[in-house]
Amino acid sequence: MKLDSRTPANIRWLLVILWVILSTRAVTAQCPAGSISNAAGSYTNGQTVCISTAFSGGITLNNGATMVVVSGGNYTGNITTNQGSVIQIQTGGKFAPGTANTFSAAVTNNGTVIMNNVSISNGAAITNNGSFTWASSWNQNSALTVSNTACGTMTFSTTANVGSGAVINNNGVLNFTQDLTTNSGTTINNRGTVTVNGTFTSSGLFYNQNKAVFANGTFNTGTTSDSIVNLGIMTFSGSVTGSTGIRNEGLFYVSGSYSINGNSFLINNSNAQLRVNGGLSNNGTIQGNGSLYVAGSVSNNQQIKGKNSSAGQKLTVNQSMPGTTSNLIVNGALVAANPNTYTPTMANPAVCSVLAERLGALQAVYNNGQVQLNWLAYAQVNARSFTIEYSLDGWSFTEVGELAAANTNDVITPYSYVYSPGVTGTVYYRIRETDLNGNYYYTNMVVVRTGNTLTVSTEVFPNPFKDILQISMQLEKAGMIQVALYDASGRLVKKVQQEGLLGRNTIVMSNLSALLPGVYLVQVKADKHTSFGKLIK
């Protein structure tokens with residue numbers, strides 16, 4: 001069927017017919033090939049269950065089994081997972097099990113997760129790139145690693161007791177709406193923002209490289225086996241008491257009183273400050289070459305001192321200190337650091353990167369056993385390299401090559417890379433740009449069908465879509481490929497074209513997030529071939 005895009009009346013007439021034909025097809029999200037859709041039961045090694053709609057059946061994932069929740073899927077059943085199982089929540093998917101007994105799965109979330117009545121067991125690991133809520137106590141029984149990425153938001157909506165062996169790596173937004181208790185042997189490593197609205201009781205390692213806010217209640221520290229390290233800004237609205245060792249290389253701000261009941265508080269940076277808005281009671285050792293500002297009275301039963309007597313190694317204080325002191329500089333005009341304006345020199349914040357500012361859409365062409373990848377780089381002032389990555393499942397990627405950045409300015413630059421995958425079937429590709437500071441940015445992911453693909457028809461995915469559409473089409477000869485997207489009224493809303501090469505081509509239609517939800521028709525034209533497809537947004 002050939003559609004004359006120059007005649008709007010023809011377009012509208014054909015659309016009416018196509019809506020009738022295509023509306024009889026059920027529109028489903030993209031489930032992995034060979035997966036079992038929306039079915040309760042026990043899954044074993046090599047099996048994949050795909051959740052593409054609202055589903056509440058009971059599921060058991062054994063070692064080697066996988067659950068995928070695609071866009072539009074919503075799992076609310078009871079789940080049991082064993083060590084070695086995997087759960088993947090894609091963008092637009094939701095995972096909210098009623099109960100999660102003996103939970104040992106490795107979870108990667110790009111959508112929404114709400115965990116209720118979960119019991120953590122051996123092998124569990126969480127990576128969150130979307131929205132993740134612990135709606136009830138997680139009952140941690142063994143070691144656990146939780147990674148909240150720079151673009152992720154994780155919330156503990158009940159009291160959180162982090163047991164021994166747990167590691168929480170936060171690069172995004174991490175919220176504790178109630179009390180937080182960390183036991184000895186735990187680690188919280190923060191490069192994003194941590195907010196605790198209840199009492200913080202710490203017996204583990206809290207390593208702050210950016211911003212930590214303790215909004216209400218008090219802060220109590222327990223044993224001295226672990227410590228608190230602050231390279232950024234830590235603020236406390238209440239009082240602080242404790243005996244654990246603290247190393248401060250940023251701003252440690254206490255709006256109430258501060259009682260040090262043993263061990264040491266080190267201020268190991270000339271830019272660092274311990275600021276106490278209330279009174280200070282010191283029964284340990286305060287030492288460093290930064291500054292100590294106390295608005296209230298000071299009780300010093302141990303030592304307050306500088307690192308040593310040499311220049312630049314003394315501790316600056318805003319008032320005379322009682323008790324045993326040495327190597328101090330008393331400066332009544334010392335400025336109390338403001339958490340809203342203070343700049344920590346040792347901080348290492350993570351950044352949620354925006355793709356559109358760095359890289360254009362990745363395109364792919366497959367021919368005669370080789371994949372040619374093409375992309376554009378927009379901002380290269382700080383670019384170092386481009387790493388080519390491929391995957392056989394769309395989740396676990398392997399580096400296959402690297403290109404050095406060609407320019408050090410913001411001139412738009414095209415790049416191309418040719419790779420022979422050596423496999424037959426579906427291969428996923430993406431490009432990672434790394435800048436001189438070690439930050440990285442990803443392109444979109446493209447899907448390439450390798451091997452004998454001459455009989456494969458045109459494919460458009462994902463469906464439903466949000467911001468990006470990919471069109472995969474086999475050409476028997478080089479020629480222009482035109483892709484047009486129409487809304488339900490027949491109005492052309494997006495059009496792209498690309499010079500296609502002999503073989504399988506992948507065209508990307510991007511920046512579709514502003515389109516209203518609804519039904520759309522995509523038209524793909526190449527030479528004398530024209531195809532149509534119904535899409536949902």
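Every read-out reported here was derived from the displayed coordinates using simple, explicitly stated rules and does not represent laboratory data. From a predicted model like this one, the values you see are computed outputs, not experimental measurements. Heads up, the Cβs are rebuilt from the backbone with ideal geometry, glycines too, and the neighbour counts pull from every protein chain shown.
On alpha carbon coordinates alone, what is the Rg over Rh value for region 280-366, Rh being the Kirkwood radius?
Working: Rg = 22.3 Å, Rh = 16.3 Å.
With Rh from the inverse mean 1/r over Cα pairs, Rg/Rh is 1.37.
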Surrounding net charge for A364, when Lys and Arg each add one and Asp and Glu each subtract one, Cβ distance under 11 Å: +3
Expressed in angstrom, Rg and Dmax over the Cα atoms of region 265-419 are 27.2, 82
As I understand it, the dipole of region 464-536 uses +1 on the Cβ of Lys and Arg and -1 on the Cβ of Asp and Glu, about the Cα centre. Which of Q470, V483, I536 lies farthest toward its positive end? I536
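Applying 1/(1 + (r/R0)^6) with R0 = 35 Å to the Cβ-Cβ distance of A336 and N382, what FRET efficiency is obtained, to the nearest 0.05? Kindly include the intermediate steps, with their values, before the conclusion.
Details: r = 35 Å, r/R0 = 1.01.
With a Förster radius of 35 Å, E is 0.50.
Could you tell me what fraction of 2.2 N^0.38 Å the Cα radius of gyration of the chain comes to, as a two-decimal ratio?
Ratio of Rg to 2.2 N^0.38 Å for the chain: 1.19.
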DSSP-defined antiparallel bridges as percent of all bridges, the chain, nearest 5: 35
In whole Å, largest first, what are the principal axis extents of the Cα atoms in region 355-450? 39, 24, 20
Once you charge only the Cβ atoms, +1 for Lys and Arg and -1 for Asp and Glu, what is the size of the charge dipole of the chain about its Cα centre, to the nearest 20 debye? 760
Order by protection proxy (mean Cβ within 10 Å, highest first), peptides 418-425, 380-387: 380-387, 418-425
So the FRET efficiency between T426 and N368, C-beta based with R0 = 25 Å and rounded to 0.05, is 0.90
Could you give the alpha-carbon Rg of region 464-536 over 2.2 N^0.38 Å, rounded to two decimals? 1.10
Any idea what angle helix 8-22 forms with the longest principal axis of the chain, computed on alpha-carbon atoms, 0 to 90 degrees, nearest 10? 80
Burial ranking of peptide ranges 53-59, 479-485 (average Cβ count within 10 Å, highest at the top): 479-485, 53-59
